[in-house]
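Worksheet: one structure, shown below.
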Amino acid sequence: VGLTPVDFFKPARTGAVWDVISDSLGALTAVTGDQNPAAAQTPSRFLAAFDPKMASYEEIKSNVTSLLQEGDVESSVTMLSNDGDDRRHTVELEWILTIARHGTGIVLHRRQEKVTCILERQKGKWRIVELEPITFLAPDK
């Protein structure tokens with residue numbers, strides 16, 4: 001009789017963690033290119049990467065929606081570290097976020113910062129459960 005979990009000896013799914021991050025950022029950029037104004041108001045594909053039960057989910061949703069109203073969003077991300085196991089990962093990113101005026105491409109603002117994401121595996125899927133700093137996604141005031 002073995003008591004070892006089936007996945008115990010499998011390597012951590014680091015590629016799947018990166019896929020969640022890159023897919024969500026790709027979705028954020030894709031929303032800004034959508035000609036349907038209603039689609040640009042709801043970054044649902046971007047938000048699908050986040051656990052809706054996380055404490056800052058509504059703030060992230062509000063911030064990203066406001067960013068999309070400001071202009072077209074482009075992201076460039078470099079992974080600095082990706083540590084964890086099959087249940088939880090901490091990923092550090094160097095994230096460059098550029099907001100350009102809709103239709104013109106004129107850059108309104110650009111920010112670059114080290115961002116930390118914590119992801120947990122929930123029901124077989126990776127979800128972002130923490131993002132710091134939250135202010136990185138806040139619209140300019």
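The values are calculated or read from the model by the stated rules, or taken from the named source; none is laboratory data. This one's a predicted model, so the numbers in the text were calculated from it and none came from an experiment. Cβ atoms come from the backbone with ideal geometry, glycine included; neighbour counts cover every protein chain shown. Keep in mind that these areas ignore ligands, DNA and RNA; they rest on the heavy atoms of the full protein, side chains included. Shrake-Rupley method; radii C 1.70, N 1.55, O 1.52, S 1.80 Å.
What to note about this one:
- Counting 0.36 nm for each residue step from residue 75 to residue 132 and taking away their Cα separation leaves a gain of 18.9 nm.
- When you restrict to C-alpha pairs under 8 Å that are six or more residues apart and normalise by the size of region 35-141, the relative contact order lands at 25 percent.
- Residue 115 sits among other residues whose Cβ lies under 12 Å from its own Cβ, and their net charge, with Lys and Arg +1 and Asp and Glu -1, is -3.
- Averaged over its residues, region 41-141 has an accessible area of 55 Å² per residue, based on protein heavy atoms and a 1.4 Å probe.
- Heavy-atom accessible surface of region 42-141: percent carbon and sulfur, 1.4 Å: 47 percent
- Formal net charge of residues neighbouring residue 60 (Cβ-Cβ distance under 12 Å; K, R +1; D, E -1): -4
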